[in-house]
Ligand SMILES: [Zn+2]
């Protein structure tokens, strides 16, 4: 059985200094870290917060993702894809369940669809020129409604490898939106061909003539 919240905190804080700051290690020692260790310090470790604050959309009646179940650049019966604007990396896409599910409660038939879609979206993003990798993340600490991140790493930027990519994404200037929109459309066209579903054109939700 995992440690209780109190046991975990005691275990962690035992390795911290008098201000409950853990030492810098591992991630910041990695040569792709966006931060130099000089002058950097770890935030104080806070004690557990119980019960945890609710995530957005825990109540389906107040879930914003459910309200937007028809929004996106691509729609299928159970899934929708959106492009996250304002990113620093070339492309950030998000795959959402259209109905209110979280990952652990996903019925097996939808989990199977999610597996196929995850591979296909990553494949189409990595097929874009000058994209070396498509990272896939499922966090789920902000919103309860299932959503997966697809984050493209630009070719040649070896310093942006690995799990620091999302931090670099926040540091980089905004990538040209018109380029990202066009590349997202290429991914969507490939997804319509490989999986089905419908490409949605423009922010007004107009649909193209692609077969669904
Ligand atoms: Zn929802």
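Could you give the length gained by full extension between residue 55 and residue 179, i.e. 0.36 nm per residue of separation minus their alpha carbon distance, to one decimal place?
Values: separation 124, 0.36 × 124 = 44.64 nm, distance 3.29 nm.
Length difference between fully extended and current span is 41.4 nm.
Just the Cα atoms of the stretch 138-205, one point each, no solvent: what log10 I(q)/I(0) does Debye give at q = 0.11, 0.13, 0.20, 0.23 Å⁻¹?
Results for the stretch 138-205 at q = 0.11, 0.13, 0.20, 0.23 Å⁻¹ read -0.39, -0.55, -1.15, -1.21.
Rounded to the nearest 500, what is the 222 nm mean residue ellipticity of the chain from helices alone, with -39500 (n - 2.57) per DSSP H run of 4+ residues and division by all residues?
For the chain, the value works out to -8000 deg cm²/dmol.
If you wrap a convex hull around the alpha carbons of the stretch 1-81, what volume per residue comes out, as a whole number of Å³? Don't skip to the answer; put the middle values down first.
On the way: hull volume 18.1 nm³, N = 81.
Roughly 224 Å³ of hull volume per residue.
For the stretch 34-81, rounded, prolate or oblate, judged on the Cα gyration tensor with a ≥ b ≥ c (square roots of eigenvalues), a/c < 1.5 rounded, else prolate if a/b > b/c?
On the way: a/c = 5.28, a/b = 1.74, b/c = 3.03.
Oblate, because a/c is 1.5 or more while a/b does not exceed b/c.
Rg(Cα) of the chain divided by 2.2 N^0.38 Å? Write down the numbers at each step before the final one.
Working: Rg = 19.9 Å, N = 212, 2.2 N^0.38 = 16.8 Å.
Relative to the rule-of-thumb radius for its length, the chain sits at 1.18.
Just how many % of Cα pairs in the stretch 69-141 lie over 20 Å apart, if you round to the nearest whole percent? Walk me through the numbers before you get to the answer.
Details: 846 of 2628 pairs.
Taking all Cα-Cα pairs of the stretch 69-141, the fraction more than 20 Å apart is 32 percent.
Suppose a student asked you for the relative contact order of the chain, using Cα pairs under 8 Å spaced at least 6 residues apart; what percent would you report? Display every interim value, and only then the final one.
On the way: 310 pairs, mean separation 45.2, N = 212.
Computed value for the chain: 21 percent relative contact order.
Taking the radius of gyration and the Kirkwood hydrodynamic radius from Cα positions alone, what is the Rg/Rh ratio for the stretch 1-44, to two decimal places?
The Rg/Rh ratio comes out at 1.08.
Using all C-alpha to C-alpha distances in the stretch 92-212, build P(r) with 10 Å bins and read off the rounded percent in each one.
Calculated P(r), rounded to whole percents: 11, 40, 37, 12, 0.
Place a label point 7 angstrom from the Cα of residue 32 along the Cα-to-Cβ direction, then list the residues of the stretch 137-151 whose backbone nitrogen is under 15 Å away.
Within reach of a label on residue 32, which here means backbone N under 15 Å from a point 7 Å along Cα→Cβ, the stretch 137-151 contributes 137, 151.
How compact is the stretch 27-124 by the rule of thumb for globular proteins, expressed as Cα Rg over 2.2 N^0.38 Å? List each step's numbers first, then the result.
Working: Rg = 18.4 Å, N = 98, 2.2 N^0.38 = 12.6 Å.
For the stretch 27-124, the normalised Cα radius of gyration comes out at 1.47.
Bear in mind these aren't lab numbers, they're just calculated from the coordinates by the rules spelled out. Computed from a predicted structure; not experimentally measured. For neighbour counting, all protein chains shown are included, and Cβ atoms are generated from backbone atoms with ideal geometry for every residue, glycine included.
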